[in-house]
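The values are calculated or read from the model by the stated rules, or taken from the named source; none is laboratory data. Please read these numbers as outputs of a predicted model, since none were measured by experiment. When we count neighbours, we look across all protein chains shown, and the Cβ atoms used for this are built from the backbone with ideal geometry, even at glycine.
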Amino acid sequence: MNPLKPDSGAITTARRTRSRRGEGDKLRADIIDAVERLLLETGDESLVSMRAIAKAVGVSPPALYMHFEDKDSMIEAVCDRRFRELNEVLGAARGSTEDPVEGLKRMGEAYIRFGTDNPEPYRLLMMNKTEIDHGESLTTAEPAEGDLAFIQLVSQVSACIESGRFKAADPLETSLIVWSAVHGLTALMISQPNFEWPPTVVDRLVEMVVAGLAP
């Protein structure tokens, strides 16, 4: 069973018994699980109500506010958890080589693999409508989990430019080009699973993007 892919079974609506001391963290995790499940089922956060979340977890709506300020904070917690997993995957790919261009290639391949191996979580992070805006924290001392993956990308692209392996250009703009390419293929492979994708398509895309940025 894929640990990143939520169970497709029905959400339990049984009433939860009163939590014993020390079970608060488990209830918080259960709330996050339920919110993610509901988001994936509806595809639109506006269709996920506090009442539905409480019913899925088996608590009363007021109990939710013991752990979260509002629905937005719950959705942000769901996204942060999945972004944390993506950040770890990209960090491992980036750190597997000292060559900046090779590191960028491996990051691109890892990004696409993360998305295609975990299509529903990826839809939630990158393909669903959400009001959560992580972009505001890009330049802060403590960026949001949702911005760390892009910050890693900008850093890697900057290393490629500084080493002379890429054309002199704005690292932010270049990173957006790279992200657009890998996200585009990831989204297509997720939304068109029955298409006969060539086994080399990921490698070819990454190679073509890198070649286009070379001086």
Do we find a residue being among the β-branched types (Val, Ile, Thr) and closer than 19 Å to MET189 by Cα anywhere in the range 90-111?
no
Being part of a helix (DSSP H, G or I) and touching a strand residue (DSSP E or B) at 6+ places or on another chain (Cβ under 9 Å) is the filter; apply it to the range 32-81 and report the residue that is nearest to GLU120 (Cα to Cα).
GLU45
What single numbered condition from (1) touching a helix residue (DSSP H, G or I) at 6+ places or on another chain (Cβ under 7 Å); (2) of a type outside the set (Val, Ile, Thr); (3) modelled with pLDDT under 95 fails to hold for GLU142?
(1)
Given the conditions (1) under 25 Å from VAL210 (Cβ atoms); (2) under 15 Å from the mean Cα position of the chain (by Cα); (3) at pLDDT 90 or above, and given that ARG84 satisfies all but one, which numbered condition is not satisfied?
(1)
Please state which one of ASP30, ASP70 is of a type outside the set (Ser, Thr, Tyr), surrounded by fewer than 13 Cβ atoms within 10 Å (Cβ to Cβ) and modelled with pLDDT of 85 or more.
ASP70
What number of residues within the range 194-215 satisfy the criterion of being part of a loop (DSSP other than H, G, I, E, B) and in contact (Cβ under 8 Å) with a residue 40 or more places away in the chain?
2
Quick one: would you say LEU188 is at pLDDT 95 or above, under 27 Å from GLU41 (Cα atoms) and part of a helix (DSSP H, G or I)?
yes
List the pairs whose first member sits in the range 103-128 and is farther than 17 Å from ARG84 by Cα, whose second member is among the acidic types (Asp, Glu) and part of a helix (DSSP H, G or I), and whose Cβ atoms are under 9 Å apart, counting only residues at least 6 apart or on separate chains?
LYS105/ASP203; LYS105/GLU207; GLU109/ASP203; ASN128/GLU45
With respect to the numbered conditions (1) charged (D, E, K, R); (2) without any contact (Cβ under 8 Å) to a residue 60 or more places away in the chain; (3) surrounded by 19 or more Cβ atoms within 10 Å (Cβ to Cβ), which one is the sole condition not fulfilled by GLU98?
(3)
Would you mention how many residues in the range 164-186 are surrounded by 16 or more Cβ atoms within 10 Å (Cβ to Cβ) and either among the charged types (D, E, K, R) or more than 21 Å from ILE151 (Cα to Cα) (or both)?
1
Does ARG123 satisfy the condition of being modelled with pLDDT under 95 and basic (Lys, Arg)?
yes
Any idea which of VAL178, VAL182 is closer than 15 Å to THR116 by Cα, in a helix (DSSP H, G or I), β-branched (Val, Ile, Thr) and modelled with pLDDT of 95 or more?
VAL182
